[in-house]
Amino acid sequence: MTKLQIKDLRKTYGAFTAVEGLDLSIEQGETVALLGPSGCGKSTTLNMIVGLTDPSSGDIRIDGRSMLGVPPGKRGIGLVFQDYAVFGNMTVRENLSFGLKVRRMTKRDIAKEVEKTADLMGLSNSLDSPTSVMGGSQLQRVALGRTLVTNPSILLLDEPLSNLEAAMRNEMRQELRRIQKQTGQTVIYVTHDQIEALSLAHRIAVMDRGRLVHYGDTHEVYHFPKETFVGGFLGDPPMNFLPGTVQASQTGHRVDIGCATIDVEATPLGLSLQSGSKVTLGVRPESIDLLDVGATDLGAEILLIEQLGADTIVTLLLGTHELKLRSTQNVSHHIGDRCSLCFHPGMVSLFDAETGVKLMASPVSKEIAA
Amino acid sequence: MHNPKQPTNIDQSRRSFLKGTAAALTGTALPGVLYVDAAIANTDAIHHIANRAVKGASALAPSAGKKTISILIPGGSGGNLTPFLEEWKTLTGLAVDLIEVPNTELYSKAMQEAVAKTGQYDLIIGPVFALPDFTEAGLAKDLDLYVERYQPELDHGAYRIPYPFSEFGCKYDGGYRALYADADNWALYMRKDWMEDPAEQAAFRAKYGRDLTAPDTWEDYDQLIEFFTRPEEGRYGSLEYRAPFYTKWQWMQRFCSKGMLYFDKDMNPLCNSPEGIAALEELIASEAYLPKEAFTNGWSENYNQYGIGNVFSTFSWPSFFRYNNDPAISEAVAGNLLSAPVPGTRIDGELIRASVNAFGWLYVVNEHSAIPELAYLFAQWHTAPDVSDRAIPMNGGYFDPTRTNHFKAPGAAMKEKYTQAWLHAAWDQIGDVIPDFVIRGTFEYSEALDRNCVEAVLGKKSAEEAMNDAAKEMARITRRMGKERQIQSWNSLARTFPEKIKARHGVHTWT
Amino acid sequence: MFVSKKMTWWAWVALALALFFAVFPIFWIVSTAFKPSTEWVAIPPVWISGQPTLDNFSAVFISQAGAAETAATAVSETGWRAIFGSIIISICATALSISVGLAASLAISRYRFGGNSTPLMILSGRMFPPIAIAIPFLVMFNSIGLIDTYLGLILCYAAFTLPFSVWMIKSFIDDLPQEIEEAAMLDGLSRVQAHIRFTIPLIRGGLISTSLFIFILNWSEFLFGLVLTAKDVVTIPVQLSKYFAATAGQLYGVQAALAVVAVLPLVVIGYFIQTHLVRGLTFGAVKR
Amino acid sequence: MTETTTQEVPEMAPPPSGLFRRDPNDPGTLPLLLIIPSQVLLMGMMVFPFLLELWISLTNWQPTFGSLWEAEFISYFNYEELILYEPRFLQALGRTLLFAVICLSLEFLLGLGLAILFLKAIPARKLLFSLLLSPMMIMPVVVGYTWFMLFQTNGPINQIIGWISLQGDLPQVEWFRHDATAFASIVVAEVWHWTPLFFLVLLSGLNAVPQNPIRAAVMLGAGPLRIFWSVVLPNLLPVIIIAFVIRSMEILKIFDEIFLMTRGGPGTATEMVSQYLYKLAFQDFRLAYAAAAAFIVLVLTVIGVNLMLRPITRQILREE
């Protein structure tokens, strides 16, 4: 069942367009991450969803009902802020009770709900402490509890972990996942941190300069980005991009990247590429394998090997382009070595060189004759 | 606290002046007895007082430590002085520096000088009611010696300052302390043109059964102002003062004209006597005949408002007549002003009038001055019969006719500004003058009386409550000031009241 | 924010009323300054003179000796001496108050001199009714010859504005991290040098706004100016009270003219120190 | 004051870190040298007159009784007289408090209203802001004269009232004649003069209030009033208290405006402590009595201000 549906949402400030033509739908019980660099329009989108900002055009529907003109407090959305926005002059209990008091619940019901939520959030012991003396993760719990206690149909988290220290961040991430599971809550999670997005969300919506660039499940978004932007934004190190020229071939297409050519199969959609058109070829670091230590002249040269515990990042020079490669296995090569590379079949994406838009997602195989 | 007396010989000579004139000064038939020939203006004698001052100053000037005489003056009074400073300088070589303070602050500033003792001012032009305070605070220099030496002829001679001004305006506790510069008793001013309008006269006669004339009694007056009150035409009967600080004077006139004094022999307040309450009730009753502004107007607003021409009468100072009779200042009423004695009360067949000397300025020599004698001499010169006759009519000042010659033999400028008729009328009323609270603690007594009057007028208290409160407050002030000393002071002030009033209280027998 | 940014009709009305209320009296002063004497208290009141005149200003600035008697020429002295006096006294008293206050704030803020009681003690100096303290001042000033001197008023004004100087400057120093001076001292500067080279320049904005605020206080003072002077020293507020003439009564127009001249610089100053003023006025409770 | 000190000193005892404290000998005499000028100035210009005043208040001095040095020592008599037998003093005190409460509440509410208004998208913002602030820059004496003119019976305020009233004829309120209207007139002048201060301070305070708690409250469905009361106001509190402290210190001393407008009248309807002190000291010249009254006022003010400051003394003095 579609919980939240956004249709052609648009927000302009004078000549500046903050959000353009956004379409998005979120299912019940789903966790969706809204991901993008700062200034991409995700905060504006968030504000429009919760009702703090009115859209210039478009529609927002929750459970099929249009939310245009419905005041923020009446949309059934809970919002948790990056800086927690806990009411510093109140105790934890007062914070948690606030939303319920507004709803004119009886004192007894309030107390009951607050106890319940405090229990869920692990705040039972500090209910009567003033919030002014609390630390980050505690405040985060209060903020979350304050929202959850009102039983929102959608929970929006705005960069909820970015103010926390690294260790706390991990702990809270798990905590969030636990709570989401326990409550079956629909969650929209706004972040610029891809790891959070990837680890928490079922689906990811990537935004760039006011546009929704890619919306899909985490696997799809990660491995088959719809634009070079998405590939470049997600992943650490990000997707490798190689400029190339299309050459027609019998089996499909080949892309000439200067120092080598790569076979690319035609898409199932039958997209055919004009011979000679410029493209960008994208491949994830973990979709590249090092084949052997070769002495071939056209091989890639290893510039740098970084051991990162479980992973190893290898920086290569292929022709004039730098590539990064991630391997979970031990790399026996040395800096300065030359080697052959293999792009995993089906894991290579082609983008229009000018627009950066994906041309096709195709299962590819070919060894690069290096 | 009582200042030590001057050497005996001076004391005696002063007494001898008094002896010579006492009978005449306290007599009831004052105008007649004191009739002075107009020829006094043409004799050389008129210049003697000024000349003595100039001579004295010229003699002292070369050895004086200070060549500038500083005078503390009330703001707005410079007009009487500035044109004469150059003349004085030519005559004596002494410069004069005028220091203005707002006229409401003058008393305060002078008393501050009594505390600070800077000697920054050599002369102070102060209000008459402040003289006791100035003296008790050690600010007003004892002038007996100078008076003896330079003969300003304050209370004797053809040019004297008429009694009682010469008494409460120059002396405190029997000694000379000031040179009176501004006789300031009230008269009743009415619109001559309204009174002379035949239609009005007919209507008035029809209504009250008598002629439309200047009033003798307060009842007459109340009829007049009732008659001329026509709010629908924007016309009112009177512009009597009902603003704070001024209301007490209106009360004093009505009260004293009932043959009353402020205090009895032992300084018990009499304001809560039936007469005092009645006087206040009369003030309250006449509210209907007053425009609303009367309740907030101070004197200058009052002058200006009367000048607009929508009010029949008012009680005011001589300068009121002078300014509002000047076409350059008040087009509407100039030439149409009739001055009359303040109304009185007929008691036992005797008509008693009481014209309050509200304010009035005098020269006081600062005890702390470095050049007291020169300062005194300037004051003597400026208040001398001839010089003051020229000074008083100047525009932009407060001084009004004070010396006998001003009334009886006015100079051209004086005659032009005040008119012969007014000067005659004013002279005739001097016998009815009553003093303000010219005793120590004047502000406290005035304020207690005035505030209670105002509160009654505003309806916050009944007249009786107000007068009882005022009496209580005044009694308390007296107690605190030291009753014996105050009684002594009051006894000498009481002697300056009109004969008819004094007689009813047997003031002559007070000791 | 909990208030919508949109201007509703009632917001326009409220704004218009507030503006009228705020500006009308100022308009009236300015307008009166240009009215001929007949219009000062005319019935009905004149809003803008049909025959505007500069007489009131010339009464303030140009000696009227010998001029034909009119309401405006009844003024016996020009306003120059008062303007000069006010400028001298306000500037010197402000400078004194600020420099003494700056030193004291350093001692309090940086060295915790005297603990917490010192600032509160200093502040309580501002609570004494000046009317009552004026009398001991009179007695005291008389015995040391300070009555009617510029120095006397300067000392008095400086002392009475010192509480604000200390509290305002202190709030600016408090907000300045101590590390700045510490770093300077590690580089070899002495404590005094560190204050002079770093602390003071860094709170320059605060010092300027505090000075201007103190200047306004000094410039406006009336009572001490009235009581502690005799003939040599006059300030503008005292001069204003002198515009009274026997014929015309209160010289509203002349008063208004001097008031306009006296107030204009303050309004301009105020415009420039608005934001700093808040910091100072709230003793640092608002940090912006 | 003393109480605060004794309470807080122990907390401060552990010296804060930082170079200035690390080496206790280091500052040497510098702090002393820095504080001395202020102490000398205060000694000469505040403490000495203060002590002189204290002594005067214990005598029966008034210049018409003789000089200060001859005045009789009467110990607490003036105080006793004032408190027990001088209803006018106590009335003036009460009236001043009432005046302060009325004015400060009005100034606060109007200032707050304006400040909230200025959160909206106001056109020509900076200009309007400055215009609204300008009354604050005007010297009290001028404020007094101006409102005296405006409140004249034939003045522009009555004219405006006349225009507003439907009949169109001047109702001619005689402002200075009646207790209530005279009091109202000085309240109006005072409110006009100092609302800008509250406006300025509250607007800055409002702008400094963190936005997210407000958004959070909006999200929780709270209405503007509840948000203001529960979220905004607690944040504004320190600023509000300081503004109130500064203004009450000054308003309790209010003199110039009333002196020029009503002189405390009619009767004593607008007589504040300062007017009463002025009457005692500069009209009656009962200087000792005035001094005693001033001390009572001082003590009450100090107590009052300390009570007001209590909740935020810590924050202001940075004691945490």
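The values are calculated or read from the model by the stated rules, or taken from the named source; none is laboratory data. Note that the structure is predicted; figures quoted are calculated from it, not measured. Cβ coordinates were reconstructed from backbone atoms using ideal geometry, including for glycine residues, and neighbour counts include every protein chain displayed. The accessibility values were calculated without ligands, DNA or RNA, using every heavy atom of the protein model including side chains. Shrake-Rupley method; radii C 1.70, N 1.55, O 1.52, S 1.80 Å.
Remarks
- Qualifying positions in segment A:41-76 - among the aliphatic types (A, V, I, L, M) and open to solvent by less than 10 Å² (accessible area, probe 1.4 Å): A:L46, A:M48, A:I49, A:V50, A:I60, A:I62, A:M67
Okay, residues lined up against (1) part of a helix (DSSP H, G or I); (2) within 30 Å of C:A82 (Cα to Cα); (3) open to solvent by 10 Å² or more (accessible area, probe 1.4 Å); (4) more than 14 Å from chain C (Cβ to nearest Cβ):
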residue	(1), (2), (3), (4)
B:P83	yes, yes, yes, no
B:M111	yes, yes, no, no
B:A114	yes, yes, no, no
B:T118	no, yes, yes, no
B:G126	no, yes, no, yes
B:A130	yes, yes, no, yes
B:R149	yes, no, yes, yes
B:L154	no, no, no, yes
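- Residues of segment C:34-58 classified as among the aliphatic types (A, V, I, L, M), more than 11 Å from chain D (Cβ to nearest Cβ) and surrounded by 17 or more Cβ atoms within 10 Å (Cβ to Cβ), total: 0
- So B:V365, is it open to solvent by less than 40 Å² (accessible area, probe 1.4 Å) and more than 30 Å from B:L72 (Cα to Cα): no
- Test result for D:L225, without any contact (Cβ under 8 Å) to a residue 12 or more places away in the chain and out of contact with any Asp or Glu (no Cβ under 7 Å at 6 or more places or on another chain): yes
- Index of the failed condition, D:F118 passing every other in (1) closer than 19 Å to D:F285 by Cβ; (2) crowded, with 19+ Cβ neighbours inside 10 Å; (3) within 11 Å of another protein chain (Cβ to nearest Cβ): (1)
- Residue tally, condition open to solvent by 50 Å² or more (accessible area, probe 1.4 Å), modelled with pLDDT of 85 or more and part of a loop (DSSP other than H, G, I, E, B), over segment A:239-251: 0
- The single condition among (1) at pLDDT 90 or above; (2) more than 12 Å from chain C (Cβ to nearest Cβ); (3) more than 20 Å from the chain's Cα centre (by Cα) that B:D122 does not meet is (2).
- Contact map, segment C:180-194: residues that are at the interface with chain D (Cβ under 9 Å from one of its Cβ atoms) paired with residues that are open to solvent by 20 Å² or more (accessible area, probe 1.4 Å) and not in a helix (DSSP H, G or I), Cβ distance under 7 Å, separation 6+ or inter-chain. Pairs shown: C:R191/D:P27.
- A residue that is more than 7 Å from every other protein chain (Cβ to nearest Cβ), at pLDDT 80 or above and exposed (fewer than 13 other Cβ atoms within 10 Å of the Cβ) occurs nowhere in segment C:64-83.
- Pair list, Cβ under 7 Å, 6 or more apart: segment D:268-287 residue over 17 Å from B:A130 (Cβ atoms) and facing chain B (nearest Cβ under 8 Å), other residue crowded, with 24+ Cβ neighbours inside 10 Å and modelled with pLDDT of 90 or more: D:T268/B:R451
- Identity of the residue in segment C:96-105, open to solvent by 10 Å² or more (accessible area, probe 1.4 Å) and in contact (Cβ under 8 Å) with a residue 24 or more places away in the chain, that ends up nearest to the other protein chains (Cβ to nearest Cβ): C:V100
- Members of segment A:302-321 that are open to solvent by less than 60 Å² (accessible area, probe 1.4 Å) and either free of Cβ contacts under 8 Å to residues at least 40 places away in the same chain or more than 29 Å from the chain's Cα centre (by Cα) (or both): A:I302, A:I305, A:D311, A:T312, A:V314, A:T315, A:L316, A:L317, A:L318, A:G319
- Filter pass, A:A33 being open to solvent by 20 Å² or more (accessible area, probe 1.4 Å) and either without any contact (Cβ under 8 Å) to a residue 40 or more places away in the chain or touching a Phe, Trp or Tyr at 6+ places or on another chain (Cβ under 6 Å) (or both): no
- Scanning segment C:191-227 for residues that are outside any helix (DSSP H, G or I) and open to solvent by less than 30 Å² (accessible area, probe 1.4 Å) returns C:I203, C:F222.
- Scanning segment C:147-163 for residues that are in contact (Cβ under 8 Å) with a residue 12 or more places away in the chain and more than 7 Å from every other protein chain (Cβ to nearest Cβ) yields a total of 9.
Quick grid of which residues meet (1) aromatic (F, W, Y); (2) more than 22 Å from the chain's Cα centre (by Cα); (3) surrounded by 23 or more Cβ atoms within 10 Å (Cβ to Cβ):
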| residue | (1), (2), (3) |
| --- | --- |
| B:Q223 | no, yes, no |
| B:L239 | no, no, yes |
| B:Q253 | no, no, yes |
| B:C256 | no, no, yes |
| B:L261 | no, no, no |
| B:D264 | no, yes, no |
| B:S273 | no, yes, no |
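Quick grid of which residues meet (1) within 20 Å of B:S108 (Cα to Cα); (2) at pLDDT below 85; (3) outside any helix (DSSP H, G or I):
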{"site": "C:I131", "(1), (2), (3)": "yes, yes, no"}
{"site": "C:A134", "(1), (2), (3)": "yes, no, no"}
{"site": "C:M140", "(1), (2), (3)": "yes, no, no"}
{"site": "C:G145", "(1), (2), (3)": "no, no, yes"}
{"site": "C:D148", "(1), (2), (3)": "yes, no, yes"}
{"site": "C:A159", "(1), (2), (3)": "no, no, no"}
{"site": "C:K170", "(1), (2), (3)": "no, no, no"}
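- Restricting attention to segment B:172-218, the residues being touching a residue at least 40 places away in the same chain (Cβ under 8 Å) and of a type outside the set (V, I, T) number 28.
- Helices (runs of 4 or more DSSP H) contained in segment D:148-232 and holding at least 2 residues open to solvent by less than 50 Å² (accessible area, probe 1.4 Å): D:156-164, D:179-208, D:211-219
- Breaking point among (1) under 30 Å from C:Q274 (Cα atoms); (2) at pLDDT 90 or above; (3) surrounded by 13 or more Cβ atoms within 10 Å (Cβ to Cβ), for D:L90: (1)
- If only residues of segment A:85-123 that are modelled with pLDDT of 85 or more and polar (S, T, N, Q) are counted, the one that is surrounded by the most Cβ atoms within 10 Å (Cβ to Cβ) is A:N95.
- When D:W61 is tested against (1) touching a residue at least 24 places away in the same chain (Cβ under 8 Å); (2) assigned to a helix (DSSP H, G or I), exactly one condition is not met: (2).
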